[in-house]
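Quick notes on the structure that follows.
The values are calculated or read from the model by the stated rules, or taken from the named source; none is laboratory data. If you're wondering where the values come from, they're calculated on a predicted model, not measured in any experiment. Virtual Cβ from ideal backbone geometry, glycine too; neighbours counted across all protein chains shown. The accessibility values were calculated without ligands, DNA or RNA, using every heavy atom of the protein model including side chains. Shrake-Rupley method; radii C 1.70, N 1.55, O 1.52, S 1.80 Å.
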Amino acid sequence: MEDTSMTQVQDRTVYVKTIAVTDLPREVRDKAEGLEQLFAVHDAKGQQLALVGDRDLAFHLAREHNYAPVLVH
């Protein structure tokens with residue numbers, strides 16, 4: 001018999017994706033301060049967790065919160 005009281009292992013993978021600033025809502029574009037692209041960090045279910053202006057920062061933030069970042073092409 002399987003023990004159902006065991007907690008599921010949470011997927012700690014997050015996905016870093018390049019986003020063109022022109023594809024974002026106006027209020028976000030206005031805050032992009034001249035950047036042409038931003039980097040979105042999404043969880044395995046697709047929920048956006050962060051939107052930052054630098055790829056290295058996206059990876060750093062993910063690791064700081066114990067996530068394993070993966071770049072999406």
Summing +1 per Lys or Arg and -1 per Asp or Glu among the other residues with Cβ less than 14 Å from V72's Cβ gives +1
How much length is gained if the chain between L57 and V28 is pulled fully straight, taking 0.36 nm per residue apart and subtracting their Cα-Cα distance, in nm to one decimal?
8.6 nm
In whole percent, the fraction of accessible protein surface over region 29-73 that belongs to carbon or sulfur atoms, probe radius 1.4 Å, stands at 47
Extension gain, T18 back to H73 (0.36 nm per residue minus Cα-Cα distance, nm):
19.0 nm
Under the rule rounded for a/c under 1.5, else prolate if a/b exceeds b/c, else oblate, using alpha carbon gyration tensor axes a ≥ b ≥ c, region 6-73 is classed as prolate
Expressed per residue, the solvent accessible area of the chain in Å² (1.4 Å probe) is about 80
Hey, what did the chain get for relative contact order, percent, Cα under 8 Å, at least 6 apart?
36
Share, in percent, of DSSP beta bridges within the chain that are antiparallel, nearest 5:
65
Per DSSP helix of 4 or more residues, -39500 (n - 2.57); summed, then divided by the residues of the chain. What does that give at 222 nm, rounded to the nearest 500?
-6000 deg cm²/dmol
